[in-house]
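The values are calculated or read from the model by the stated rules, or taken from the named source; none is laboratory data. Predicted, not measured: the structure shown is a model, and the values here were computed from it. We place every Cβ from the backbone using ideal geometry, glycine too, and count neighbours over all the protein chains shown. Each accessible area value is taken on the protein alone, full model and side chains, heavy atoms only, with ligands, DNA and RNA left out. Shrake-Rupley method; radii C 1.70, N 1.55, O 1.52, S 1.80 Å.
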Amino acid sequence: MAKFVDTIKRSTMSNIIIAIDGFSSTGKSSFAKLIAARLGILYLDSGAMYRAVTLYAADHGLISPDHVVNEPALKADLDGGKVAISFVRDEATGRHEICLNGTNVEKRIRQLDISNNVSHIAVIPFVRNFVDDLLHRYGADGCVMDGRDIGTAVFPNADLKLYMTADPAIRAQRRLDEMLLKGETADFEAVYKNVLERDYIDSHRAMNPLRKADDAIELDNSHMTIDEQMVWLGKVLKERFDIDF
Ligand code: DC
């Protein structure tokens, strides 16, 4: 009998869709990766897809220094199949890394020039449709997915929706620490400005702006460690699904 229940739980869990939305640098992806590993399900980073499209635009001269996008040319390339996004599994970490036209761009898309441009690409409706199609194709059978509109627009029927927030100055410091750790040069003011700009653009765009879904559970992790967040989630999963996490 115990075995039978265990089997049902596992098969339910493998198809579960967990949507995590929130502002930039709230730690969504670190949290989502850990959840995916713990539950043995796929992790999908929707922001990485917007970043990959941004990198394509930057590499092909389709975005100007003052962030004006050549939309007709970008649309022609997306429609014409010139922007192929795929994933490779990193054997060391077991995680999936994003490729643009066959090249692994997981690290490149995190650099500041892409961070400064990505919100301007992500406001474009045809880009959002392009990314949404990819997310449905890869995630429909179960995943943890993070982004800005996953629980409100991409998977409105997700089994569990989390909305993550944290103080902007704390988020900027986290982003700066990450960059310095990677050996990149950046200063707090520039990163803080980028965080505030992206917050504004992400929550004010016309199509699917960032907002908390009515049925999402909010998690403010300004003063929480990742271990404390996992304990918090464990309680949520136990209450909602009777899952021992
Ligand atoms: O999570 P991130 O910082 O890597 O996201 C990069 C950008 O992509 C962010 O500025 C907003 C955009 N984005 C979005 O508009 N919708 C999503 N579902 C995910 C990201």
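Looking only at residues of the stretch 62-99 that are charged (D, E, K, R) and open to solvent by 50 Å² or more (accessible area, probe 1.4 Å), we find that the one that is farthest from Cys143 (Cα to Cα) is Asp66.
Do the conditions hold for His136, that is, is it within 13 Å of the ligand (Cβ to nearest atom) and surrounded by fewer than 15 Cβ atoms within 10 Å (Cβ to Cβ)? Lay out the reasoning, then the answer.
Details: within 13 Å of the ligand (Cβ to nearest atom): yes; surrounded by fewer than 15 Cβ atoms within 10 Å (Cβ to Cβ): yes.
So His136 passes the test.
Taking the listed residues Thr165, Thr93, Thr185, the one that is hydroxyl-bearing (Ser, Thr, Tyr) and within 24 Å of Asp202 (Cα to Cα) is Thr165, with no other qualifying. (1) more than 13 Å from the ligand (Cβ to nearest atom); (2) crowded, with 20+ Cβ neighbours inside 10 Å: which one isn't true of Phe126, the others all being true? The number of the failed condition is (2). With respect to the conditions (1) open to solvent by 50 Å² or more (accessible area, probe 1.4 Å); (2) at pLDDT 90 or above; (3) not hydroxyl-bearing (Ser, Thr, Tyr), Ala32 lacks only one, and its number is (1).
Table: residues versus (1) more than 10 Å from the ligand (Cβ to nearest atom); (2) in contact with a Lys or Arg (Cβ under 6 Å, 6 or more places away or on another chain); (3) among the acidic types (Asp, Glu).
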{"site": "Arg175", "(1), (2), (3)": "no, no, no"}
{"site": "Leu180", "(1), (2), (3)": "yes, no, no"}
{"site": "Thr185", "(1), (2), (3)": "yes, no, no"}
{"site": "Phe188", "(1), (2), (3)": "yes, no, no"}
{"site": "Val191", "(1), (2), (3)": "yes, yes, no"}
{"site": "Asn194", "(1), (2), (3)": "no, no, no"}
{"site": "Ala206", "(1), (2), (3)": "yes, no, no"}
{"site": "Arg211", "(1), (2), (3)": "yes, no, no"}
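Quick check on Asp59: is it open to solvent by 20 Å² or more (accessible area, probe 1.4 Å), among the acidic types (Asp, Glu) and within 19 Å of Ile201 (Cα to Cα)?
Numbers: open to solvent by 20 Å² or more (accessible area, probe 1.4 Å): yes; among the acidic types (Asp, Glu): yes; within 19 Å of Ile201 (Cα to Cα): no.
Here the answer is no, as Asp59 does not meet what is asked.
Tell me, yes or no, whether the stretch 126-141 has at least one residue that is over 18 Å from the mean Cα position of the chain (by Cα), in contact (Cβ under 8 Å) with a residue 24 or more places away in the chain and farther than 21 Å from Gly40 by Cα.
Of the stretch 126-141, the ones over 18 Å from the mean Cα position of the chain (by Cα) are 126.
Then keep just the ones that are in contact (Cβ under 8 Å) with a residue 24 or more places away in the chain; that gives 126.
Checking which are farther than 21 Å from Gly40 by Cα leaves us with 126.
Scanning the stretch 126-141, I find at least one residue that is over 18 Å from the mean Cα position of the chain (by Cα), in contact (Cβ under 8 Å) with a residue 24 or more places away in the chain and farther than 21 Å from Gly40 by Cα, so the answer is yes.
Can you tell me which residues in the stretch 220-236 are away from the ligand (no atom under 16 Å from the Cβ) and touching a residue at least 60 places away in the same chain (Cβ under 8 Å)?
If the condition is that a residue be away from the ligand (no atom under 16 Å from the Cβ) and touching a residue at least 60 places away in the same chain (Cβ under 8 Å), then Ile226, Gln229, Met230, Leu233, Val236 are the ones that fit.
Of the strands (runs of 3 or more DSSP E) entirely within the stretch 18-121, those holding at least 2 residues that are in contact with a Phe, Trp or Tyr (Cβ under 8 Å, 6 or more places away or on another chain), at negative phi and more than 14 Å from the ligand (Cβ to nearest atom) occupy 96-100.
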